[in-house]
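Notes follow once the structure below has been shown.
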Amino acid sequence: MPAPARLLRHEVLPFLGSFVALALIALALDGVLHLFDLLWIGRWLGIPGTLMILGSTVYSLRKRKLIQRGHPAKLLRWHEALAWLGSLLVLVHAGVHFNAILGWLAVWAMLINVGSGLTGKFLLDRSRRRMEEARQRLRERGLSEADLEDRLYWDSLTFDVVKKWRVVHFPITLAFTVLATAHIVAIFLFWGWK
């Protein structure tokens, strides 16, 4: 298979598929709620969605050694699934109601955060695979470990730079957290508690 076709099939389409599926499923669920006049359900989906997104941070806590429990690879899969599902529920919660600018800013920050996370995931996977393929090819040619390290020096540096994508992801996550928290606080302040 030619490299561009392989890149498209193995790298670009899964990334776009995850993002497009998020949007289409959210639109479909919101449409069903509107069709059956069940908008009140959508209003409450923000709570479990937010809780799922919060639950997804266990991976980050484990990675930073703030907690000791859990296997990092398994927690990463949970992080990805919970963040995606939580984002889906929050999108359905947001629906097509444009009356809360703070809420919509939080939704946009969340979507940018999801995009950033998916980008990092696919970039890291691709970089790791390419480095291992290059290492394997060089081993097959009979190079010693020292020669391997010399030949892969720049690839290794590039991989280290790609691993630092979190430097971008973290501030986006922080912006989403601040906007979402402000939205939640505003809801509690202006809620009709009667």
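The values are calculated or read from the model by the stated rules, or taken from the named source; none is laboratory data. A quick note: this is a predicted structure, and the numbers were derived from the prediction, not measured. So basically every Cβ, Gly included, is an ideal-geometry build from the backbone, and we count neighbours across all protein chains shown.
Is it the case that some residue within the stretch 145-154 is loosely packed, with under 13 Cβ neighbours inside 10 Å, part of a helix (DSSP H, G or I) and of a type in the set (Gly, Ala, Ser)? Looking through the stretch 145-154, at least one residue is loosely packed, with under 13 Cβ neighbours inside 10 Å, part of a helix (DSSP H, G or I) and of a type in the set (Gly, Ala, Ser). Within the stretch 1-27, residues that are more than 16 Å from VAL90 (Cβ to Cβ) and at pLDDT below 80 reach partners that are in a helix (DSSP H, G or I) and charged (D, E, K, R) with beta carbons closer than 6 Å, at six or more positions or on different chains, in the pairs GLU11/ARG126. When the stretch 165-186 is filtered for residues that are of a type in the set (A, V, I, L, M) and either under 16 Å from the mean Cα position of the chain (by Cα) or closer than 17 Å to ALA83 by Cα (or both), the ones remaining, listed by number, are VAL167, VAL168, ILE172, LEU174, ALA175, VAL178, LEU179, ALA180.
Taking the listed residues LEU91, LEU179, the one that is in contact (Cβ under 8 Å) with a residue 60 or more places away in the chain, surrounded by 16 or more Cβ atoms within 10 Å (Cβ to Cβ) and under 27 Å from LEU13 (Cα atoms) is LEU91, with no other qualifying.
Among the residues making up the stretch 155-173, a single one is touching a residue at least 24 places away in the same chain (Cβ under 8 Å) and in a loop (DSSP other than H, G, I, E, B): TRP165.
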